[in-house]
Amino acid sequence: MEKCTNTVNVYRVHEDHSDSITEYPCGKWVGGEKRYCDECLEKLQKQYPQGWTGYAGDTCKHGVYVGGCGIDYMCPQCEME
Ligand SMILES: [Zn+2]
Ligand SMILES: [Zn+2]
């Protein structure tokens with residue numbers, strides 16, 4: 001995917017219960033997940049209809065979370081294919 005130059009407004013509630021909306025570049029890690037702009041989100045949701053936990057592609061097509069385990073990690077069902 002080409003680098004996206006859009007920004008994302010991320011609404012967050014802080015520990016002291018104050019809240020804020022901060023603008024981040026698209027694809028930035030915020031609070032344990034990658035935030036995507038609407039355009040990227042639409043593309044990624046088509047590419048990864050199973051959804052994801054932290055970043056697009058971290059959940060395989062079987063819905064198994066495969067992020068954070070190294071790029072070669074696959075779920076047992078993916079490995080069988
Ligand atoms: Zn984007
Ligand atoms: Zn799988």
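Derivation of every value follows stated rules applied to the coordinates shown; laboratory data play no part. All values reported here derive from a predicted model rather than from experimental measurement. Ideal geometry is used to build each Cβ from the backbone, glycine not excepted, and the neighbour counts take in all protein chains shown.
Laid out as a table, the results:
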quantity	calculated
Loop-exposed trypsin sites (Lys or Arg not before Pro) per DSSP, neighbour cap 14 Cβ within 10 angstrom, longest uninterrupted part of the chain	4-60
The chain, relative contact order in percent, only Cα pairs under 8 angstrom and at least six apart counted	17
Ranked V64, V8, criterion: other C-beta atoms within 10 Å, fewest first	V64, V8
Top of D19, D38, D58 by mean-square fluctuation, Gaussian network on the chain, Cα under 10 Å	D19
Cut-off under 5 Å, modelled amide H: who pairs with K34 long-range	Y55
